[in-house]
Amino acid sequence: MINLSINNIPVSVEEGTTILQAAKMIGVEIPTLCYHEDQSVKANCRICLVEVKGAKGLLTACSTKVFEGMEVFTNTRAARDARKTVLELILASHPMDCLKCIRNQKCELQKYAAEFFIEELPFERTYQILPKDESSPSIVKDLSKCIKCGRCVEVCQSIQSVGAISYSHRSDEYRIATLFELPLNETVCVYCGQCSLACPVGAIYEKSEIEKVWKALGDPEMHVVVQTAPAVRVSLGEEFGMEPGSIVTGQMVTALRMLGFDRVFDTDFTADLTIIEEGNEFLQRLKNGGPFPMFTSCSPGWVNFVETFYPEFMANLSTCKSPQQMFGALAKTYYAQKMGISPDKIFVVSVMPCTAKKYESAREEMNSSGFRDVDVVLTTRELARMIRESGIDLKKIVESEFDAPFGITSGAGVIFGASGGVMEAALRTVYEVVTQRELGKLDFEDVRGLDGIKEAVINIDGLEVKIAVANSLSNARHLVDKIKSGEREYHFIEVMCCPGGCIGGGGQPIGTVNRVRNERIKSIYEVDANMPIRQSHKNPVIKQLYDEFLEKPLGERSHHLLHTHYRARG
């Protein structure tokens, strides 16, 4: 252990600890902007300067490791003045339009401006109002607000291995840019939105579609239905001050009814349906000899990644649409018939933890119902804004249940929200379908958790099925490269684009970091454990759906409505 003092308070920490981390342990918060707890240390914003006895000049707390006998002072006049000057310089080149900024009250720069009580700037204002890049169907980039911290670049390049944005130019011209300054929709961006989660200010954010939803809700001619993804129920509460991982399923359903939706459904239902179709597709591939490995296809960022970087593996993607898109197709066919409503009068809204779902819903092939299957996708953050705008206090409203028929779901459907969940849900069904024997234990714990790549071998009636699970695209790239080189062989692989899976999606509440992701994962499995039905093939409404409408898995109608195809993105 290393012994030091911070502001004359003794503290003992492990070797390798930084001043920033040591200070936090004794309740001292040092301001940071470029620092992100899940990323490498950059030390480029210089707002975390502190004094260390004997050191020449001030040191950055985020990058300086402690040593035995170190004496640190975080609140000297020199340290406070230096931080304030850094902050004033940043603000001089910032539009400071907080009242109309999407990150108002959730902006790290705004928070420090308030804490440092910045009333006037001693520097000449140098900010430029630059045109927003709104070319992407999912993400808006507003460089006028960028503070050049580099957090978005690291997540795009290192965690996602996409490289759609990078550092550009030098000196006064230094900025974050796409290759050749192309608009986002002409780059390799997969629309995952992880950059928007990492951004400390309002420089990158989801493209809002809230007004389209308000308009539909206000149209008496429209029957407006909403589906909510599994991960939203364990993250929405954070937008209302609840602890990470708070389970707010019942309150969320009530809030959606109070907003005016005619029916509130659960995407878990079509997650169950995905397992039936995808499980049968996997069994069909086993019977026909491949192609292997079969990749899951419910993460649109991952699908975009394959289409962009590995088009030679498109045949390995399951042809199943994502649960979101299966829901849309059924809402405007099966549900429309049951309710006696013309499909053009049904407006389908999705609430997703994901920004790439906005792109997915707009793909030209996602209209197998004869109409656009999903009309609008809202992120968790957008739904929270609608709830706040309506004056609804999520903490105080009563709980209620989803509507039938698409509200009857299983635990297998809810674990789609966490990395490993799709694989576990598939194994719960495939094992019993193949062996005709009940599983003694439904939990496949080897595929759970935040580890980037998880592997297992499952014996199904004498067949050794090799499986893998990857979360984040850098881990997926690592796995695919090993397959490509012949170093690894698998039968079935689940890939989730975002770290931790959908619970860590780019549309989740600001402040999503790995320790928060862990809490949401725990809650997802808690919801699963308390469900009366925990396997997709035992969902009685899924059986009814096949009896009344789809006829059989992989049948003609299923193929038309529930499956898709892919195209290489140049």
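The values are calculated or read from the model by the stated rules, or taken from the named source; none is laboratory data. Remember, it's a predicted structure, so these values are computed and weren't measured experimentally. Note that we place each Cβ from the backbone using ideal geometry, even for glycine, and neighbour counts take in every protein chain shown. In case anyone asks, the SASA skips ligands and DNA or RNA and just uses the protein heavy atoms, side chains included. Shrake-Rupley method; radii C 1.70, N 1.55, O 1.52, S 1.80 Å.
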Inspect segment 318-336 for any residue being surrounded by fewer than 24 Cβ atoms within 10 Å (Cβ to Cβ), assigned by the TED database to the domain that holds residue 501 and over 23 Å from residue 550 (Cα atoms) and give the result as yes or no. no
Could you check residue 120 against (1) in a loop (DSSP other than H, G, I, E, B); (2) open to solvent by less than 10 Å² (accessible area, probe 1.4 Å); (3) without any contact (Cβ under 8 Å) to a residue 60 or more places away in the chain and say which number it fails? (2)
Would segment 135-157 turn up any residue that is under 21 Å from residue 452 (Cα atoms) and either open to solvent by 40 Å² or more (accessible area, probe 1.4 Å) or part of a loop (DSSP other than H, G, I, E, B) (or both)? yes
Considering 393, 451, 446, which residue is among the acidic types (Asp, Glu) and closer than 29 Å to residue 224 by Cβ? 393
Which one is farthest from the chain's Cα centre (by Cα), of the residues in segment 18-31 that are more than 14 Å from residue 83 (Cα to Cα) and open to solvent by 10 Å² or more (accessible area, probe 1.4 Å)? 26
Those residues of segment 1-17 which are open to solvent by less than 50 Å² (accessible area, probe 1.4 Å) and in contact (Cβ under 8 Å) with a residue 40 or more places away in the chain, in sequence order: 2, 4, 5, 6, 7, 13, 16, 17
Please go through segment 454-476 and pick out each residue that is of a type in the set (A, V, I, L, M) and surrounded by 16 or more Cβ atoms within 10 Å (Cβ to Cβ). 456, 458, 460, 465, 467, 468, 469, 470, 473, 476
Given the criteria under 30 Å from residue 517 (Cα atoms) and at pLDDT below 95, does residue 104 qualify? no
Consider only pairs whose beta carbons are under 6 Å apart and that are at least six residues apart or on different chains; among these, list those whose first residue lies in segment 431-454 and is at pLDDT 90 or above and whose second residue is among the basic types (Lys, Arg). 442/428; 442/534; 447/454
Qualifying residues in segment 477-510 (those that are among the β-branched types (Val, Ile, Thr) and not in a strand (DSSP E or B)) - the one most open to solvent (accessible area, probe 1.4 Å): 510
Which listed residue is open to solvent by less than 10 Å² (accessible area, probe 1.4 Å), in a loop (DSSP other than H, G, I, E, B) and touching a strand residue (DSSP E or B) at 6+ places or on another chain (Cβ under 9 Å), from 350, 361, 297: 297
Just one of the numbered conditions (1) within 30 Å of residue 108 (Cβ to Cβ); (2) open to solvent by 50 Å² or more (accessible area, probe 1.4 Å); (3) of a type outside the set (Lys, Arg); (4) part of a loop (DSSP other than H, G, I, E, B) is not true of residue 450; which one? (2)
Looking only at segment 166-224, which residues are among the hydroxyl-bearing types (Ser, Thr, Tyr) and within 18 Å of the chain's Cα centre (by Cα)? 191, 196, 205, 208
Are any residues in segment 402-447 open to solvent by 50 Å² or more (accessible area, probe 1.4 Å) and under 30 Å from residue 474 (Cβ atoms), and if so, which ones? 445, 446
Residues in segment 197-233 that are of a type outside the set (A, V, I, L, M, F, W, C) and part of a helix (DSSP H, G or I) total 5
Selection count, segment 513-530, where residues are open to solvent by 50 Å² or more (accessible area, probe 1.4 Å), over 19 Å from residue 196 (Cβ atoms) and under 18 Å from the mean Cα position of the chain (by Cα): 4
Test: residue in segment 536-552 that is in contact (Cβ under 8 Å) with a residue 24 or more places away in the chain, over 30 Å from residue 202 (Cβ atoms), assigned by the TED database to the domain that holds residue 366 and in a loop (DSSP other than H, G, I, E, B): yes
For segment 32-59, enumerate the residues that are open to solvent by less than 10 Å² (accessible area, probe 1.4 Å), closer than 16 Å to residue 84 by Cβ and of a type outside the set (A, V, I, L, M). 48
Just name the residue that is nearest to residue 472 (Cα to Cα) out of those in segment 181-208 that are of a type in the set (S, T, N, Q) and surrounded by fewer than 24 Cβ atoms within 10 Å (Cβ to Cβ). 187
In segment 234-289, anything within 24 Å of residue 526 (Cα to Cα), assigned to a helix (DSSP H, G or I), open to solvent by 10 Å² or more (accessible area, probe 1.4 Å) and of a type in the set (D, E, K, R) is listed as 238, 239
